[in-house]
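Enquirer: So that we are looking at the same thing, I have put the structure below in structure tokens.
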Amino acid sequence: MAGRSPVSPGGGASGGLSIDDVYPDAVNVASDDIASMDLIEPGSTATSYLWHKINGTQSSVGGAGSQMPLGGPYLSSTALAIFETWITEGAPE
């Protein structure tokens, strides 16, 4: 699964983040909104800003803006569960 999102390969880019390049663009990379929080922190959804953005909980960690993807449709509960498992299992490449 190298360089591919576990959720939806082949998606477009928004805000400089392409779903096709999720690993190098997001794992252990500081978010623009909260520099002290990585977009994806392997092993922890609580400290993964991208996780908060796709769940609409970004304001609870000091973030801003709208839930991702902008304008929806939002990820299904199944897709969220897959993404959550990927992060909590260490976001393997």
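The values are calculated or read from the model by the stated rules, or taken from the named source; none is laboratory data. All figures in this text were calculated on a predicted structure; none of them were measured in a lab. Please note: Cβ atoms are built from the backbone with ideal geometry, for glycine as well, and neighbour counts cover all protein chains shown. Note: accessible area is taken over every heavy atom of the protein model, side chains too, but ligands, DNA and RNA are not part of it. Shrake-Rupley method; radii C 1.70, N 1.55, O 1.52, S 1.80 Å.
Enquirer: Looking at (1) more than 12 Å from the chain's Cα centre (by Cα); (2) modelled with pLDDT of 95 or more, which is the one condition that is false for Ser44?
Expert: Unmet for Ser44, out of (1) more than 12 Å from the chain's Cα centre (by Cα); (2) modelled with pLDDT of 95 or more: (1).
Enquirer: So which residues in region 53-91 are touching a Ser or Thr at 6+ places or on another chain (Cβ under 7 Å), at pLDDT 90 or above and not acidic (Asp, Glu), if there are any at all?
Expert: Ile87, Thr88
Enquirer: I've got another one for you. Would you tally the residues in region 72-81 being in contact (Cβ under 8 Å) with a residue 60 or more places away in the chain and either loosely packed, with under 15 Cβ neighbours inside 10 Å or part of a loop (DSSP other than H, G, I, E, B) (or both)? Please lay out each step first, then the result.
Expert: At the first step, the residues of region 72-81 found to be in contact (Cβ under 8 Å) with a residue 60 or more places away in the chain are 75, 79.
With the extra rule that they be either loosely packed, with under 15 Cβ neighbours inside 10 Å or part of a loop (DSSP other than H, G, I, E, B) (or both), the set shrinks to 75.
Final tally of qualifying residues: 1.
Enquirer: Turning to a different aspect of this structure: For region 24-68: of the residues being part of a loop (DSSP other than H, G, I, E, B) and of a type in the set (Val, Ile, Thr), which is surrounded by the most Cβ atoms within 10 Å (Cβ to Cβ)?
Expert: Thr45
Enquirer: Cβ-Cβ distance below 6 Å, separation of 6 or more or different chains: which pairs start in region 57-71 with a residue that is under 17 Å from Asp38 (Cα atoms) and end on one that is open to solvent by 80 Å² or more (accessible area, probe 1.4 Å) and assigned to a loop (DSSP other than H, G, I, E, B)?
Expert: Gly63/Asp33; Ala64/Asp33
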